[in-house]
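See below for the structure under consideration.
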Amino acid sequence: MTENSRPLRADAARNRARVLKVAYETFAEEGATVPIDEIARRAGVGAGTVYRHFPTKESLFQAIVADRMRQVVERSRAQAAADPGEGLYAFLIQMAEQGASDLGLTDAFAGVGFDLAEALPDAEHEFMGMVAEILAQAQRAGTVRPDLDAADIKTLIVGLQAMRRFRGDGELMRRVYPVIRAGLAVPNS
């Protein structure tokens, strides 16, 4: 058995979990630019402990982003299954709101810090597959125009997150939502 395949000792597992929790909260609040030493300090561990689990800040950030993307995919698929026609719209609002509360994920979607598709190809593939699925469901339901693809929706997400993040206006989506919906809707024949 190699060192990497051995289960973590209980204290090491607790430290790793604590580092991930603190790093997630820190990246969500402050974005991807927070130094690893600051994350270690907030987690109450030494920087060496962080580096034993995550050799680089990028590997720590990637672990968090991969986990958050899995959560987004699961939640979004469930929403779309409950109401295929409205699932895409609910997903867009949810992703825009994350632009205000999860700066780390917003940075990742925008390509700040690393190229998501290159750094986490499986997570990006699963995310884009989910986007394509819920878009196709909405298109079949007749609530979204047929000439859009998953890349268009991801571009819209990045724009909405940036708008929500930098404007900081909690009422913003309420005002902009009808415009987004009108733009995505099937044009009247």
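Residues being closer than 16 Å to Ala100 by Cβ and out of contact with any Lys or Arg (no Cβ under 7 Å at 6 or more places or on another chain): count how many of those fall in segment 134-172.
So the count comes out to 15.
Please state which one of Ala138, Ala110, Ala96 is crowded, with 19+ Cβ neighbours inside 10 Å and closer than 17 Å to Ala28 by Cβ.
Ala96 is the lone residue from the list that is crowded, with 19+ Cβ neighbours inside 10 Å and closer than 17 Å to Ala28 by Cβ.
Going by what's in this entry, would Ala13 be described as part of a helix (DSSP H, G or I), at pLDDT 90 or above and among the aliphatic types (A, V, I, L, M)?
Here the answer is no, as Ala13 does not meet what is asked.
Could you check, for segment 149-166, whether at least one of its residues is acidic (Asp, Glu) and part of a loop (DSSP other than H, G, I, E, B)?
yes
Could you pull out the residue among Gln94, Gln137 that is within 27 Å of Glu58 (Cα to Cα) and not β-branched (Val, Ile, Thr)?
Gln94
The values are calculated or read from the model by the stated rules, or taken from the named source; none is laboratory data. The model shown is predicted, which means the values in this text are computed figures rather than measured ones. As a convention, Cβ positions derive from the backbone with ideal geometry for all residues, glycine included, and neighbour counts pool all protein chains shown.
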